[in-house]
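Trainee: Could you have a look at this structure, given as structure tokens, before my questions?
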Amino acid sequence: MHIWFTSDYHLNHFNIIRYTNRPFQTLDEMNNTIIHNFNERVKEDDLVFFLGDFCFKSGSGRGEGEPDKAIKFRKQLICKNIIFIEGNHDKGGKNSLKTPIRKIIIHHGGKDICLVHSPDNIDYNYHFHIVGHVHNKWQFKRFQKDNRFVDCCNVGIEQWNYYPVTWNEINQQYSMWLKQR
């Protein structure tokens, strides 16, 4: 079994293509590519931590994001073990996922890691965080408060070529990032 981290698919959200310069021409191309990439790497019995914003449900009536799409998209992912953490587009069950989880602490790779959707919600009691929410803004970033600091890894799919990532992949990139600092 492998453990994977990913976030911010925004399935069925056409405007995210423009907002984050995603390399897709159509909504179907984006949805199908993201689902294909997930299923290409993640196996049925693996474990995935999904850090928010799985799909999009618009309240505007524009046709972007229909409520039943979350269930339809979830059924297309072959992995049985996905733990969804609430993102800003998931609050109050807006996208039919209805996850009550906002933060998880895991012990993995020899360290305690805080998993949360937005870096605005980091916990300075933990040195390393895996987050989403910021899309293509940065892959790693250090936040400091008083004499404490937190390093964050953004697992938004724009940062990882539209694939979920393993701890080893994160740790390898993190080590390179630390050397460049």
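The values are calculated or read from the model by the stated rules, or taken from the named source; none is laboratory data. It should be emphasised that the depicted structure is a prediction, and the values quoted were computed from it without experimental measurement. Please note: Cβ atoms are built from the backbone with ideal geometry, for glycine as well, and neighbour counts cover all protein chains shown.
Trainee: Out of everything in region 1-12 that is in a loop (DSSP other than H, G, I, E, B) and closer than 14 Å to residue 162 by Cβ, what residue ends up being modelled with the lowest pLDDT?
Mentor: Among them, the one singled out is 10.
Trainee: How many of the residues making up region 108-138 are in a loop (DSSP other than H, G, I, E, B) and either of a type in the set (Gly, Ala, Ser) or at negative phi (or both)?
Mentor: Summing the residues that are in a loop (DSSP other than H, G, I, E, B) and either of a type in the set (Gly, Ala, Ser) or at negative phi (or both) in region 108-138 gives 15.
Trainee: For residue 164, are the conditions met, namely being surrounded by 15 or more Cβ atoms within 10 Å (Cβ to Cβ), touching a strand residue (DSSP E or B) at 6+ places or on another chain (Cβ under 6 Å), over 13 Å from residue 5 (Cα atoms) and modelled with pLDDT of 95 or more?
Mentor: Considered against the rule, which asks whether it is surrounded by 15 or more Cβ atoms within 10 Å (Cβ to Cβ), touching a strand residue (DSSP E or B) at 6+ places or on another chain (Cβ under 6 Å), over 13 Å from residue 5 (Cα atoms) and modelled with pLDDT of 95 or more, residue 164 comes out as no.
Trainee: If only one of 122, 105, 113, 157 is modelled with pLDDT of 95 or more and over 19 Å from residue 48 (Cα atoms), which one is it?
Mentor: Criteria check complete, one pass: 122.
Trainee: Being under 18 Å from residue 10 (Cα atoms) and among the polar types (S, T, N, Q) narrows it down to one of 121, 171, 161, so name that one.
Mentor: Answer to the check: 161.
Trainee: I'd like to know if region 139-153 contains one or more residues that are assigned to a strand (DSSP E or B), surrounded by fewer than 17 Cβ atoms within 10 Å (Cβ to Cβ) and polar (S, T, N, Q).
Mentor: yes
Trainee: Can you tell me which residue is nearest to residue 55 (Cα to Cα) among those in region 4-19 that are surrounded by fewer than 17 Cβ atoms within 10 Å (Cβ to Cβ) and touching a residue at least 12 places away in the same chain (Cβ under 8 Å)?
Mentor: Filtering region 4-19 for residues that are surrounded by fewer than 17 Cβ atoms within 10 Å (Cβ to Cβ) and touching a residue at least 12 places away in the same chain (Cβ under 8 Å), the one nearest to residue 55 (Cα to Cα) comes out as 15.
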